[in-house]
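See below for the structure under consideration.
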Amino acid sequence: MKPLKILAGILVLFSFSNSIAQVQDNDTVKLDIRKILSFALDADIASALNVLEADSTKLLSEQNKKLKTEFENRFKFGEDKSTYLNDREKYGISELLKIYANYWRVSLLNNKNNYDTLLGTSLFLFFRNKYSLTDFYVADSLQSDTLDYFLKIYINESGLMTTGFGKTGKLLDLLAWKNQKDSVFKFNLLDEELKVKVVLMTDFATLGWEEYATLGTYYPGGWATDDALYCVKDAYDLNSETFLVSYLAHESRHFSDYKLFDKKLSGAELEYRAKLTELSLAKKSVQYLISFFLSNANYESDNSHNIADYCVIRDLSKILFKTDLEKDTKKWESIDAEKINEASKSVLKENTEFLKKNGKDFKHFIPKGY
């Protein structure tokens, strides 16, 4: 079985959290938390530390002092001095999680380099020792199917479930949880009536590198597979617009597009369409979504979410402001939700028609390689 590549809604306690947890601070003097976390989500901790250092001359609130200390403990020194691993000891996968945390940390601090092979080798040596795999050699660590197989065995033996060996955005990831429950949701997605299976997951040992990079503020809120949607249940009020739009509609768009386009779309294209779906339906959260997309838009990023954020803002700007890319949040706030809904529907419809007509030739706005 091919390892799963996660297409996750980013949970910021936010709403594209697709998910959602927004950092709030009412203090007079405060860190530029949004910029720090934006760099972290783009796997660029070096730049986040630079912002943190620049802000260090300010008289910080107790809340911001705490965040600064925790961020520096995790990333500023020669090793991770935070309580990340200790906090997760009860799940029984500390040895494995340490391997991933070391990989995430070095990758985040040196984001121009690729440490995937190093992780693969470390994992395979771990599994070879754990299961006495004398017939296998280190070279086999480059086989993702092999790593996926032993990773799932190890996680399952620990009483947990996992997505397996795969990537979230730029980095190889590890998501593992203890409990899950199947549910069925029925709803209309623009012109489509959908009935989807949703797996509600709870009690996570790890929510992956995004959680690690942002001190637990952002993390995958869910993802779509061929058969079901997977949801990080504790991230949502299941009656809220955040769940119904930023999770359910977003991930259902992935679910529908897998079938509609036979899995030929890139990660950035899938996220572009899912984010437009959110903006087509959102009412209360529409301005938050716009603000979040603006903060994380980066056409040159290695992260499909950031590329999609840029393209969504760019294409809506052409309709709503007659400009190439409107960055002024005040101007966006002056636009009614209904107008943003209609513009998003229009762009999404145009994109769908384009894809159906051009087949594989769909990268009309995505940088080469995505």
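The values are calculated or read from the model by the stated rules, or taken from the named source; none is laboratory data. Because the structure is a prediction, the values reported are computed rather than measured. For neighbour counting, all protein chains shown are included, and Cβ atoms are generated from backbone atoms with ideal geometry for every residue, glycine included.
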- Message: So D173 passes all but one of these: (1) under 30 Å from T214 (Cα atoms); (2) of a type in the set (D, E); (3) without any contact (Cβ under 8 Å) to a residue 60 or more places away in the chain. Which condition number does it fail?
- Response: (3)
- Message: Can you tell me how many residues within the stretch 163-181 are under 13 Å from D203 (Cβ atoms) and crowded, with 19+ Cβ neighbours inside 10 Å?
- Response: 3
- Name the residues in the stretch 172-226 that are farther than 24 Å from S122 by Cα, of a type in the set (A, V, I, L, M) and part of a strand (DSSP E or B), would you? V184, L189, L194, V196, V198, V199, L200, M201, A224
- Task: May I ask you to verify whether R273 is assigned by TED's automatic domain parsing to the domain that holds T168, assigned to a helix (DSSP H, G or I) and in contact with a Ser or Thr (Cβ under 9 Å, 6 or more places away or on another chain)?
- Result: no
- How do the pairs read when you match residues in the stretch 75-97 that are assigned by TED's automatic domain parsing to the domain that holds F124 and under 16 Å from D203 (Cα atoms) with residues anywhere that are modelled with pLDDT under 95 and in a helix (DSSP H, G or I), using Cβ under 7 Å and keeping only pairs 6 or more apart or on different chains? none
- Query: Only one of these conditions is not met by T202: (1) in contact with a Leu (Cβ under 7 Å, 6 or more places away or on another chain); (2) on the phi < 0 side of the Ramachandran plot; (3) touching a residue at least 24 places away in the same chain (Cβ under 8 Å); (4) not aliphatic (A, V, I, L, M). Which number is it?
  - Reply: (1)
- Item | Pick from the stretch 182-234, criterion among the basic types (K, R) and modelled with pLDDT of 90 or more, ranking: surrounded by the most Cβ atoms within 10 Å (Cβ to Cβ) | K233
- Message: Given the criteria outside any helix (DSSP H, G or I), at pLDDT 95 or above, within 23 Å of S285 (Cα to Cα) and outside the structural domain of E241 (by TED's automatic domain parsing), does E338 qualify?
- Response: no
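Residue-by-condition table, conditions (1) in a helix (DSSP H, G or I); (2) touching a Ser or Thr at 6+ places or on another chain (Cβ under 6 Å); (3) surrounded by 15 or more Cβ atoms within 10 Å (Cβ to Cβ):
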| site | (1), (2), (3) |
| --- | --- |
| Y84 | no, no, yes |
| K90 | yes, no, no |
| E95 | yes, no, no |
| K98 | yes, no, yes |
| L118 | yes, no, yes |
| L123 | yes, no, yes |
| N129 | yes, no, no |
| I153 | yes, no, no |
| G159 | no, no, no |
- Task: May I ask you to list pairs of residues, at least six apart or on different chains, whose Cβ atoms are under 9 Å apart, with the first in the stretch 256-271 being basic (K, R) and the second being part of a loop (DSSP other than H, G, I, E, B)?
- Result: K259/D226; K263/D226; K264/G359; K264/K360; K264/F362
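Here is a yes/no grid of residues against (1) surrounded by fewer than 23 Cβ atoms within 10 Å (Cβ to Cβ); (2) among the small types (G, A, S):
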site	(1), (2)
S252	yes, yes
D257	yes, no
L260	yes, no
L265	yes, no
L276	no, no
S295	yes, yes
D302	yes, no
D309	no, no
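Residue-wise test of (1) within 30 Å of D227 (Cβ to Cβ); (2) more than 23 Å from the chain's Cα centre (by Cα); (3) modelled with pLDDT under 75; (4) not hydroxyl-bearing (S, T, Y).
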{"position": "K2", "(1), (2), (3), (4)": "yes, no, yes, yes"}
{"position": "I10", "(1), (2), (3), (4)": "yes, no, yes, yes"}
{"position": "F14", "(1), (2), (3), (4)": "yes, no, yes, yes"}
{"position": "N26", "(1), (2), (3), (4)": "no, yes, yes, yes"}
{"position": "D42", "(1), (2), (3), (4)": "no, no, no, yes"}
{"position": "A48", "(1), (2), (3), (4)": "no, no, no, yes"}
{"position": "V51", "(1), (2), (3), (4)": "no, no, no, yes"}
{"position": "K58", "(1), (2), (3), (4)": "no, yes, yes, yes"}
